[in-house]
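Each reported figure results from applying straightforward, stated rules to the coordinates on display, with no laboratory input. Note that the structure is predicted; figures quoted are calculated from it, not measured. Note that we place each Cβ from the backbone using ideal geometry, even for glycine, and neighbour counts take in every protein chain shown.
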Amino acid sequence: MPTALLWFRRDLRLADHPALLDAREAAGPGGAVLPLFVFDPRLWGPSGLPRRQFLLDCLADLGGQVDGALVLRSGDPARVVPDLAREVDAVSVHVSADTGVYGRQRDAAVERALGDVPLVRTGSPYAVTPGRVTKSDGTPFRVFSPFARAWREHGRRAPAPRPGSVPWSTGVRSEDPPEVPGLDGVRLPPAGEAAASAAWRTFRAERLEGYRTTRNTPGTDGTSRLSAYLKYGCVHPRTLLADLDDLDTDSADSFRNELCWRDFYADVLWHRPESAREPLDERMRAMTYDTGPDADARFAAWAQGRTGYPIVDAGMRQLLGEAYVHNRVRMIVASFLVKDLHVDWRRGARYFMQHLVDGDLASNNHGWQWVAGTGTDASPYHRVFNPTRQGKEFDPDGDYVRRWVPELRDVPARYVHEPWLAPDGVPGGYPLPVVDHAEERRVALERYEQVRER
Ligand code: FAD
């Protein structure tokens, strides 16, 4: 029986899955599709525990959807995939294209090792595949707004129909998945395709209308919380965008814009793979950051949510509690690490990747670079977030802070973002600020001036 291999990666769903449709067609009438997932040590090793656990949960869901036919294997895909293709005499191997730095190299190696069996790439995890939106002279965009205009005009393919039935190939040996140590109280979202579409339906019906404003208030449940599902492809952004096509509101537009940021950062990484490690803005490579025991101690206070700045501490504790941080607060905590504590953004980005369930190289690194002023456009280095002012503006009643920093639960709203001013003093057990924001802002700007003058 002709067998087409469908190698799942960041596309753990059956709906709107063009590569699945291609695999079914390649298998032909009377043929079968063999679903495969490979635990690649190069990706599994550096993934933090929340992402590992969430991935396993998504795979358990996917396994159920393919009638238990999902084959799990571990090892270097350049060996595992061709071995399995030979084992089942596959006519072709189908994937959704991976446009990431490592994924491209890995797929090229797999393709070479497959020899005569074609590796067919169909679609990608993005609404518009990275590299497709360019300026009229063919060069890439470096700035978001013109990219967004071109992205909107580019058009996208319609969502692919969910196949009625797929003849899954069964009886092929699968391995046990790797073990994940206990997560110590981290609350992960429910995994898988059905959970993703339920999350989307609830958001669309109940929260999208006010999204334009509530997306900035971490104390309210104002955003979609779809990032982990998008990361693992439990839902495709094209499906979401198509579902918004008939909605001409500011909030729908704002949501489209956020999905566009996701595509933009993937596009930047596609064109500039070195930006996974280096500041995108070459001038900023001369920026100096602190290292050594003092910097380590400040980093530890930040990581544990014990800086004495309530909104920063709430964000870092949300990260440890839910493997997630609200977007506004990601910006605040990132700015604090880089500009108040003078620690290299790469250290913070690595820490995020260890702890975020939605940790994604393109969005995370470029999110950090945006805040650190080393990246694409927008936030220039001299724009330094004031954590107290940000707290007062975006968490005016202190709901978010109180949720994550129980020591401050009884502090009146007036002082919740600056408890050191409270008449009763800082509540027991909560630290005083580890640094003085005004002073560190001055230091940060001084260092920036030195870089500019070089
Ligand atoms: P919503 O507001 O509901 O947005 C919908 C979707 O749009 C998100 O799920 C996400 O896929 C996309 N999106 C929204 N904002 C952004 C953005 N600024 N950049 C790129 N995509 C965006 N996002 C990740 O998915 N993974 C990361 O590792 C990550 N790291 C970040 C690090 C920093 C320092 C910063 C400032 C931002 C980071 N973001 C990251 C972007 C953003 O914070 C999250 O996507 C968002 O908070 C997820 O929550 P949500 O799904 O409720 O978002």
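A few remarks follow.
- Of the chymotrypsin sites (Phe, Trp or Tyr not before Pro) in segment 1-44, those whose Cβ has at most 13 other Cβ within 10 Å and which sit in DSSP loop: none
- Mean separation of Cα contacts under 8 Å, 6 or more apart, over the residue count of the chain: relative contact order %: 17
- Extension gain, Arg383 to Arg454: 0.36 nm times the residue separation minus the Cα-Cα distance gives 23.5 nm.
- Exposure proxy for Glu418, Glu206: other Cβ atoms within 10 Å of each Cβ, ordered fewest to most, give Glu206, Glu418.
- If R0 is taken as 45 Å, the Cβ-Cβ distance between Arg187 and Asp137 corresponds to a FRET efficiency of 0.40.
- What the Cβ-Cβ distance of Gln304 and His154 gives, at R0 = 56 Å and to the nearest 0.05, is a FRET efficiency of 0.80.
- Dipole of the chain, positive direction: furthest Cα of Gln390, Pro50, Ala60, with charges on the beta-carbon: Gln390
- Judged by the mean number of other Cβ atoms found within 10 Å, the most tightly packed of the peptides 356-363, 157-164, 345-352 leads the ranking 356-363, 345-352, 157-164.
- For segment 29-53 versus segment 332-366, the inter-centroid distance based on Cα atoms is 26 Å.
- For the chain, calculated [θ]222 nm from helices alone, where every DSSP H run of n ≥ 4 adds -39500 (n - 2.57): -13500 deg cm²/dmol
- For segment 3-124, the dipole from Cβ point charges (+1 on Lys and Arg, -1 on Asp and Glu) about the Cα centre works out to 420 debye, to the nearest 20.
- Summarising the label geometry, the points placed 7 Å from Cα in the beta-carbon direction at Ala198 and Asp436 lie 5.3 nm from one another.
- Taking all Cα pairs closer than 8 Å and separated by 6 or more residues, the relative contact order of segment 282-453 comes to 27 percent.
- Taking amide H as placed 1.01 Å from N in the peptide plane, the amide H of Val120 sits under 5 Å from that of Val93, His94, Val95, each at least 5 places away or on another chain.
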